[in-house]
Amino acid sequence: MKIVIIGSGKLGRTLAEQLIQEDHDITMVDENASKLQYVVNRLDILGIHGNGATIPVLREAGVDDADLVIAATAEDELNLLACLIAKRVGARNTIARVRNPEYIDVMSLVKQDLGLSLSINPELACAVEMSRVLKFPSMITVDTFAKGRVEILQFEITEDSPLAGMKLRDVSRFKKRILVCAVERNDSEIYIPSGDFQLRAGDHVSIVGDTSHIPRFLSQIGMMEDKIHNIIIVGGGRIGYYLAKQMIESDVDVTLVEHDLNRCHQLAELLPEADIIHGDGTDQQVLIEIGVESADSFASLTGFDEENIMMSLYVGSMSKAKRITKVTRIPFTKVIAQLNAGSVFFPVLIAAEHIIRYVRAMQNSYGSNVETLCRIIDDKAEALEFYVNRNSPLIDIPLMDMELKENVLVGTINRGGRIIIPGGSDVIQPGDTVIVVTTIKGLNALEDILSSSQSCLSSIFLFFLSIKA
């Protein structure tokens, strides 16, 4: 697809990097010539220097025949204006980054008038992901599929876990509808495991399963902890505000620490149910005084990555609290993964993933049948949800008879709301949605999971099907 990205900041660059990997034609627009040139040289894409909210610049960027325009500058109003004009010029779809909390309710009213296909608030999306992880305190990450009926959770196997030393085929003794779909070992080795795979203490395990069965499975392996009753949040910015609001709605007691006095007054009005503390959250004495040693959970959400990481490490050394750490600088993901900083969240990556999911859904109408895409294990693997149409060559073939590519696993089948954890004799039927977990990037159709030999047979099948039609 032809995609125009307005804004070469962190989100714009991240989107361009990921969309190029999926063979999209990318053009980037920015008024800052040096920033634009840096991205253009690094990614080898077309760059247009100028104001992305003006018709001449948009026409020069080819918006008139673009499949998608993504406005990702730092200014909400500019993004909305750019999308409005791009739509009038001829763009088929538009996405705007809108960060101001005051615009949340307004967007639902004016989205259609502006011609927006999607609006994304990175801070809100990040807070939602954080609250989802806090729902399961032992989890590192949590993602949902099949309209909330399926979840993929990642956690670490401890020395005393009943899973330590167990082969995957024996996990079925728990009699819950879950499947181990991916394992990260030693921070670098990624496995899409078979039944003979043996789990070890220290492994980061991703499981996929029916949302209603996962809590019981976690309880059986000793990982379903008590519900979180309180949280300490350091940093009263947008993410801190959004997370505090969601925790309050979940009946969690919130203490929020913010160093800026004026912001404290604003937060006190916006969040009357929370305890707003004016102070320096990086001060150990302040943390001790507000009870961090006995807190159920702790979130470091300041504007400085170093402070967030250090606070999480400090809290981890003196408390059993579930820790949430916000990091903005993407290049350091591998280094941070080696630290014991709890669950680490990158707002830019979360926003990019939401947009990539929408792009994949657009491709659905152009020949792809990906419903949902989620990157797991620090972007080292993907979980994709495919819709099965009636012409798929995979219909009614037992999974045991399919020759799948290496590092591909069929995780679940959603059949009219009934979640199936498939075995070798299960088959795929028209109308199903199938979740596939893989380390292979860029799968666009369910047939792409097949090995080259069986894929060739599928192509022949589709050819004769088209002739018959």
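Give me the 1.4 Å probe accessible area per residue for the chain, excluding ligands and nucleic acids, in Å².
45 Å²
Could you give the dipole magnitude of the stretch 107-165 about its Cα centre, charging the beta-carbon of Lys and Arg +1 and that of Asp and Glu -1, in debye to the nearest 20?
Magnitude of the dipole: close to 380 debye.
How big is Rg to Rh over the stretch 285-332, alpha-carbon atoms, Rh as the Kirkwood inverse-mean-distance radius?
With Rg and the Kirkwood Rh in hand, the quotient comes to 0.99.
Nearest 500 deg cm²/dmol is fine: what mean residue ellipticity at 222 nm does the chain get from its DSSP H runs of n ≥ 4 alone, each adding -39,500 (n - 2.57), divided by its residue count?
-10500 deg cm²/dmol
In nm, to one decimal, how far is the Gln285 label point from the Arg149 one, both placed 7 Å along Cα→Cβ?
For the pair Gln285/Arg149, the computed spacing is 5.7 nm.
So what's the stretch 1-102 giving for Cα Rg divided by 2.2 N^0.38 Å, two decimals?
Here the answer is 0.95, to two decimals.
Ordered by packing density, taken as the mean number of other Cβ atoms within 10 Å over each peptide's residues, highest first, how do 288-294, 204-210, 300-306 rank?
204-210, 300-306, 288-294
Given a 1.4 Å probe and heavy atoms of the protein chains only, how would you sort Tyr358, Tyr241, largest accessible area at the top?
Largest to smallest exposure gives the sequence Tyr358, Tyr241.
Radius of gyration and Dmax for the chain's Cα atoms, expressed in Å?
23.4, 76
How big is the dipole moment of the stretch 164-221 about its Cα centre under a simple scheme where the beta carbon of each Lys and Arg is +1, that of each Asp and Glu is -1, and everything else is neutral? Debye, nearest 20, please.
Computed charge dipole of the stretch 164-221: roughly 400 debye.
Give a quick list of GluC sites (Glu not before Pro) in the stretch 41-85 that DSSP marks as loop, anything other than H, G, I, E or B, with at most 16 other Cβ atoms within 10 Å.
Here the GluC sites (Glu not before Pro) that fit, given the DSSP loop and packing criteria, are Glu75.
Which GluC sites (Glu not before Pro) from the stretch 376-443 combine a DSSP loop assignment with at most 16 other Cβ atoms within 10 Å?
Of the GluC sites (Glu not before Pro), the ones in loops of the stretch 376-443 whose Cβ has at most 16 other Cβ atoms within 10 Å are Glu403, Glu406.
Let me know the shape class of the stretch 302-441, please: from the alpha-carbon gyration tensor, a ≥ b ≥ c as square roots of the eigenvalues, rounded when a/c is under 1.5, otherwise prolate if a/b is greater than b/c, or oblate.
prolate
Treat every Asp and Glu Cβ in the chain as -1 and every Lys and Arg Cβ as +1, leave all other atoms uncharged, and give the resulting dipole magnitude about the Cα centre to the nearest 20 debye.
Charge dipole, the chain, about its Cα centre: 1220 debye, nearest 20.
Going by average Cβ neighbours within 10 Å, how do the peptides 232-240, 132-140, 390-398 rank, with the highest at the top?
232-240, 132-140, 390-398
Give, as a single signed number, the net charge of other residues whose beta carbon lies under 12 Å from the beta carbon of Gly165, with Lys and Arg counted +1 and Asp and Glu -1.
-2
Which one, Leu153, His49, Leu118, is farthest towards the positive end of the dipole of the stretch 23-176 when Lys and Arg carry +1 and Asp and Glu -1 on their Cβ?
With unit charges placed on the Cβ atoms, the residue in question is Leu153.
Out of residues 5 or more away from Asn230 or on other chains, whose amide H comes under 5 Å of its own, with H placed 1.01 Å from N in the peptide plane?
Asp253, Asp296, Ser297
Hey, any idea what % of the chain's accessible area is carbon plus sulfur with a 1.4 Å probe?
Of all accessible area on the chain, carbon and sulfur atoms account for 49 percent.
Looking at the chain, do any whole DSSP H helices span at least 27 angstrom along their long axis by alpha carbon and average 0.0 or above on Kyte-Doolittle, and which?
Answer set is 347-365.
Taking Cα pairs under 8 Å and at least six residues apart, what relative contact order does the chain come out at, in percent?
10 percent.
Please work out the Cα convex hull volume for the stretch 162-276 and give it in Å³ per residue.
138 Å³
Would you mind putting 307-316, 43-52 in packing order, based on average other-beta-carbon counts within 10 Å, highest first?
Packing proxy ranking, top to bottom: 307-316, 43-52.
The values are calculated or read from the model by the stated rules, or taken from the named source; none is laboratory data. In this text the structure is predicted, and so the values were computed from the model without any measurement. Virtual Cβ from ideal backbone geometry, glycine too; neighbours counted across all protein chains shown. Side chains included, ligands, DNA and RNA excluded: accessible areas come from the protein's heavy atoms. Shrake-Rupley method; radii C 1.70, N 1.55, O 1.52, S 1.80 Å.
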